[in-house]
Amino acid sequence: NMPPPKMIYIIPSYHNPTGRSMTVEERRKLASFALRNRVILVADEVYHLLDWEPSNDGEAKSKKDSEITSQRPAGIVHFNEICKEANTATSKSGNTIETGCCISVSSFTKIWSPGVRVGWIDGPSFIIER
């Protein structure tokens, strides 16, 4: 009966020290949990560009679907849309509320040059603008 945390911090690709990468299904489940419980999910994704490959199954219907179903998603932030469809959020007054809780934090430092300290945050605008 513990309340959910306010934020979860993860390293979904090549976690240090284990080297493990979360599967697409694990990412989908975690993002869905975070959205249902209004938990901010911050993914440190400095390594995600190292092995991102499009899916070979030919089943993707759009670029967005291709990003979600690829071997390694381009970023946890892409799960905001797919989880939004699965978890329609409404306010206490019955109005639809702005949803999305997944934030990707990344950098060129690990993949391009250790001396280049350039990074970015990708997430829902209503969270980033706060």
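The values are calculated or read from the model by the stated rules, or taken from the named source; none is laboratory data. Being a predicted model, the structure only gives us computed values, none of them experimental. FYI the Cβ positions are ideal-geometry reconstructions off the backbone, even for glycines, and counts take in every protein chain you see. Side chains included, ligands, DNA and RNA excluded: accessible areas come from the protein's heavy atoms. Shrake-Rupley method; radii C 1.70, N 1.55, O 1.52, S 1.80 Å.
Mind counting the residues in segment 7-49 that are touching a residue at least 60 places away in the same chain (Cβ under 8 Å), farther than 12 Å from residue 75 by Cα and assigned to a helix (DSSP H, G or I)?
Residues flagged as touching a residue at least 60 places away in the same chain (Cβ under 8 Å), farther than 12 Å from residue 75 by Cα and assigned to a helix (DSSP H, G or I) within segment 7-49 amount to 2.
Would you check if residue 45 is among the charged types (D, E, K, R), modelled with pLDDT of 75 or more and open to solvent by less than 80 Å² (accessible area, probe 1.4 Å)? Give the steps one after another, and end with the answer.
Numbers: among the charged types (D, E, K, R): yes; modelled with pLDDT of 75 or more: yes; open to solvent by less than 80 Å² (accessible area, probe 1.4 Å): yes.
Yes.
Please go through segment 5-39 and give me each residue that is farther than 22 Å from residue 110 by Cβ and either basic (Lys, Arg) or over 15 Å from the mean Cα position of the chain (by Cα) (or both), ordered by number.
5, 6, 28, 29, 36, 37, 38
If I ask for residues that are open to solvent by less than 40 Å² (accessible area, probe 1.4 Å) and touching a Lys or Arg at 6+ places or on another chain (Cβ under 9 Å), which ones from segment 103-125 would you list?
Hits for segment 103-125 are 107, 109.
Got a sec? Which of 70, 21 is at pLDDT 85 or above, buried (at least 16 other Cβ atoms within 10 Å of the Cβ) and polar (S, T, N, Q)?
Details: 70 fails: at pLDDT 85 or above.
From the options 70, 21, the qualifying one is 21.
Please go through segment 101-126 and give me each residue that is within 22 Å of residue 29 (Cα to Cα) and either more than 14 Å from the chain's Cα centre (by Cα) or modelled with pLDDT under 85 (or both), ordered by number.
none
Would a scan of segment 60-67 turn up a residue that is at pLDDT 85 or above, charged (D, E, K, R), in a helix (DSSP H, G or I) and closer than 17 Å to residue 102 by Cα? Let's see the steps before the verdict.
Initially, segment 60-67 is screened for residues at pLDDT 85 or above, giving none.
No - not one qualifying residue is present in segment 60-67.
Does residue 93 meet the test of being open to solvent by 40 Å² or more (accessible area, probe 1.4 Å) and at pLDDT below 60?
Numbers: open to solvent by 40 Å² or more (accessible area, probe 1.4 Å): yes; at pLDDT below 60: yes.
Answer is yes for this residue.
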